[in-house]
1. Going through A:GLU243, A:GLU261 one at a time, which residue ends up being open to solvent by 20 Å² or more (accessible area, probe 1.4 Å) and out of contact with any strand residue (DSSP E or B) (no Cβ under 9 Å at 6 or more places or on another chain)?
2. Report, by residue number, each residue of region A:391-406 that is open to solvent by 40 Å² or more (accessible area, probe 1.4 Å) and more than 9 Å from chain B (Cβ to nearest Cβ).
3. Any residue at all in region B:79-90 that's within 26 Å of B:ILE421 (Cα to Cα) and modelled with pLDDT under 90?
4. In contact with a Lys or Arg (Cβ under 8 Å, 6 or more places away or on another chain), at pLDDT below 90 and either outside any loop (DSSP other than H, G, I, E, B) or open to solvent by 50 Å² or more (accessible area, probe 1.4 Å) (or both) - does that describe any residue in region B:68-77?
5. Do you know which of the residues in region A:330-356 that are touching a residue at least 24 places away in the same chain (Cβ under 8 Å) and surrounded by fewer than 17 Cβ atoms within 10 Å (Cβ to Cβ) is farthest from the other protein chains (Cβ to nearest Cβ)?
6. Just a yes or no: is a residue in region A:311-325 within 19 Å of A:ALA23 (Cβ to Cβ) and either more than 10 Å from chain B (Cβ to nearest Cβ) or surrounded by fewer than 17 Cβ atoms within 10 Å (Cβ to Cβ) (or both)?
7. Would you say A:SER58 is within 14 Å of another protein chain (Cβ to nearest Cβ) and either at pLDDT below 90 or under 18 Å from A:LEU325 (Cα atoms) (or both)?
8. Here are some residues: B:VAL426, B:VAL493. Which one is open to solvent by less than 40 Å² (accessible area, probe 1.4 Å) and part of a strand (DSSP E or B)?
Amino acid sequence: MPGVLPSGEPVPADGSLPPAALAGVGANGFGVYVHVPFCASRCGYCDFNTYTAAELGSGVRREDYADTVLAELALARRVLGCAAPPADTVFFGGGTPTLLPPGELARILDAITDTFGLAPDAEVTTEANPESVTPAALAALRRAGFTRISLGMQSAASHVLAVLDRQHTPGRAIEAAREARDGGFRHVNLDLIYGTPGERAEDWQTSLEQVAKAVAEHAADHVSAYSLIVEEGTRLAARIRREELASPDPDVAADRYLAAEGALTGAGLGWYEVSNWAADAAAQCRHNLLYWRGGDWWGVGPGAHSHVGGVRQWNVQHPARHADLLRRGRSPGQAREVLTPEDRHVEEVMLRLRLAEGLPLDVLDPVGRQAADRATADGLLSPGRRRNGQAVLTLRGRLLADAVVRQLLP
Amino acid sequence: MLDPGATDPERIRNFCIIAHIDHGKSTLADRMLQLTGVVSARDMRAQYLDRMDIERERGITIKSQAVRMPWTVREGEQKGESYVLNMIDTPGHVDFTYEVSRSLAAGEGAVLLVDAAQGIEAQTLANLYLAMENDLHVIPVLNKIDLPAAQPEKYAEELARLIGCQPEDCLRVSGKTGEGVAHLLDEIVRQMHGPTGQDDAPARAMIFDSVYDVYRGVVTYVRVIDGRIEARDRIKMMSTGAVHELLEIGVISPEPLKSPGLGGGEVGYLITGVKDVRQSKVGDTVTIAAKPAAVALAGYKEPKPMVYSGLYPIDGSDYPNLRDALDRLKLNDAALVYEPETSAALGFGFRCGFLGLLHLEIIRERLEREFDLDLISTAPNVVYRVELEDGAEHVVTNPSEYPAGKVAVVHEPVVRATVLIPNDYVGAVMEICQGRRGALLGMDYLSQDRVEVRYTLPLAEIIYDFFDQLKSRTKGYASLDYETSGEQAGDLVKVDILLQGEQVDAFSAIVHKDKAYQYGVSMTQRLRGLIPRQQFEVPIQAAIGSRVIARENIRAIRKDVLAKCYGGDITRKRKLLEKQKEGKRRMKMVGRVEVPQEAFIAALSSDGDKPTSK
């Protein structure tokens, strides 16, 4: 089941935003996120807003989805007027975007270009499941304008993939990465998950070695590694509750993270966000950086979140309801929150501290700066960067990032 | 001749009922109220005289009262003659022994009421001895004879042996059906004598109870011993010398009834407008300001707290409410003492002194129920007298204030405890008492299979789960009574609990040397399970002075970061962060260690593996 959306203020039927929000759009970059809420099957650990054909029921057809997206883009255009600059980044996430035919993804990307325009060197990413892409499809996406692909590899161990309910075979993700590179993608990401019940240290080492090999042969230039989070309401949570599977151990997760840092650094990648490593600045995911640096984006699709000039807004969750609202010319926004200056400060500290570039210390109040000094003394923030006026996590600090954030905030 | 204020002492019978909880005293009193006609059937409700909800719910009477009932004898030589019966209710628990003794002293006789299915209990026995010491005439009565499980023959023999009468002298009643109650009233008139006192002497009346009433202020219950008090008199409290105008004088029957005065031997109430029961203390003597008595009645004692505990509001902002609530309860409870106290671990609260554990429980429950407060209470402790080698002496009511210097000797209060049990359980009871540093004083057979065992025990050993353990090891048969019996030197030490080297005041305990290790191990283990991991390793130590006797470690937390934080996660993560920060604000800091308040509550709660000695 998808996770529950936060509560907030209602969104006006026409989706209009306060003038103050419109005035500031794009000051820190502008992007578009397209949510594709479809999956061939539901993975046991996943609480994203995605639906299998059976879960969707008869009211929604995948074939109609591109039209729904186009309708929301038209609404976004009406709401933003000429406030939005051309998009610097576009990101198709899911669900499984590649369950839509490349032609449909291309149609959506064209519509985004028509609506907002694309910056000359725009980054256009799609997520993909290793088993759902073919060389032909990859070539078509490349031709349509996609510049980056993110593959959900998760693990190189078949028994770990089985616990995660992933459908691909262990070698397939690396193979798909090679196909993407051969198809002309400049940037390829491999997603990994660690700390899955039943995963042994050597399983994780094997996953990291395979990824390192792909990096070495330039099949991938970016790795994301997440510790498995057991989300409430998922099948995985139920299995752990029934004690069929062991609960993830945070100490083991810490060991895995250190192993990842070692292996990925050894492969020539560098961390630029707590869970993300890239070959160089150009290989960093600019769309995600937009999130972390407080940039604006419009999120299209059911359950998608937007951030526009200090307003965070999220769409209704179910695809049928989302499509229905748009059909009736109404905003699919379920709720939103207008961030107060305090909220913005909390978010800035919370998000920018996750980045290797760090948080400028002058953002903090005097008490926060004192807390930063203590965190530096405790080995959680880098003393060198501290001297340059930046709060930057050390390796140990990255593992305790949330605690550091709590310390720095009032 | 029977009007209040003008009753011939010959026509008065003042008595109380001695009974154990659940032996049916309140129900019997209900029947008496009905039979004598002071409460009509229409107005009758169960346990009419018990005022507070808490009394009715727990089936115990905390505050006594006196009811004046007219009675015309139905049978025997005095048939047809009219009398005034003053029934003086007595509190039914060990913590209130002093109040019981004053209630007893207000009458000439006592009805010993015993459940015919259970036999006498230890507290009843103790109160019976108290009545006999006061030369009260005792009428033994077996109650609940309507119960199928009643064994009146067996228990009549037991009572006869205790009192020194014949088994057939035991009356048999059923408070439930009313059987035998009229006969009991006749016998009260026949067997007991009327009060004797000096009519022409300066007035002396003994206070046997005082109750705070929101509308009337303090209502003082008295028994006139000598002389008389008139409604227009100014009265004087002999312990303090304080003089008060009388606003009202009267009798309770069972509602207050004004009278022109109270004569010799009469029982009634006074209202002076004072607002605090401390100005009208149980056991004190009331006299008339214009013509005061020279000597007060014997037996007055200041209430003395025996057990102390720190009470802290769980929500620190409730501190003023807790203070107001204690101030209110104090109006009606002369034994409750408290003073502000600050704990590094628990914040602002009060160190409160109580007569005993039940008193503590009642106060705590009333604070929570009537004043809607959520409280943490520290483990109860007794009062220690610590003599240092340099000759200085400290009275310690809070273990964390135990003096730091070289201790010469520590004195702790002891009690004389009486346990009644079927003889099969003598071994179990001795084992429990021995394990708690008890010294056997003696034992007696009350009947063929019921034994009275007497021990001297440190009070500290019985304020924790002693009674519970006694009950569970004797299948619920044991009954317990104790009275304080001075103090003794004990081989006692203070055990401190340290988190990362910082002492946690709320967990310091004074325990016997042989139990220090057990306390240290159990407390450190307990805390290890309750305190969340911190960014650094946290040692938890138990120490006597600088000597560490037990140690546990909380390993440092290594990972505290949500791996993923993308566009859709930001609002959720910010809200989570705000919640965590709110939680952090509720953390108590011990040095650099963040301890959730729940950990203190859980560690201090009485369930679980609490040490048996403190």
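The values are calculated or read from the model by the stated rules, or taken from the named source; none is laboratory data. Keep in mind the model is a prediction, meaning the values are calculated, not measured. All Cβ positions, glycine included, derive from the backbone under ideal geometry; neighbour counts span all protein chains shown. The accessibility values were calculated without ligands, DNA or RNA, using every heavy atom of the protein model including side chains. Shrake-Rupley method; radii C 1.70, N 1.55, O 1.52, S 1.80 Å.
1. Working: A:GLU261 fails: out of contact with any strand residue (DSSP E or B) (no Cβ under 9 Å at 6 or more places or on another chain).
It is A:GLU243.
2. Once the filter is applied, which keeps residues that are open to solvent by 40 Å² or more (accessible area, probe 1.4 Å) and more than 9 Å from chain B (Cβ to nearest Cβ), region A:391-406 yields only A:LEU395.
3. Step one: of region B:79-90, the residues within 26 Å of B:ILE421 (Cα to Cα) are B:90.
Filter once more, keeping what is modelled with pLDDT under 90: B:90.
Yes, region B:79-90 contains at least one residue that is within 26 Å of B:ILE421 (Cα to Cα) and modelled with pLDDT under 90.
4. no
5. Selected residue: A:ARG330.
6. Our first condition is that a residue be within 19 Å of A:ALA23 (Cβ to Cβ); within region A:311-325, this holds for A:311-313.
In the following step, the residues that additionally are either more than 10 Å from chain B (Cβ to nearest Cβ) or surrounded by fewer than 17 Cβ atoms within 10 Å (Cβ to Cβ) (or both) were identified as A:311.
Yes, some residue in region A:311-325 is within 19 Å of A:ALA23 (Cβ to Cβ) and either more than 10 Å from chain B (Cβ to nearest Cβ) or surrounded by fewer than 17 Cβ atoms within 10 Å (Cβ to Cβ) (or both).
7. Working: within 14 Å of another protein chain (Cβ to nearest Cβ): no; either at pLDDT below 90 or under 18 Å from A:LEU325 (Cα atoms) (or both): yes.
For A:SER58, the condition - within 14 Å of another protein chain (Cβ to nearest Cβ) and either at pLDDT below 90 or under 18 Å from A:LEU325 (Cα atoms) (or both) - is not met.
8. On the way: B:VAL426 fails: part of a strand (DSSP E or B).
Unique residue meeting the criteria: B:VAL493.
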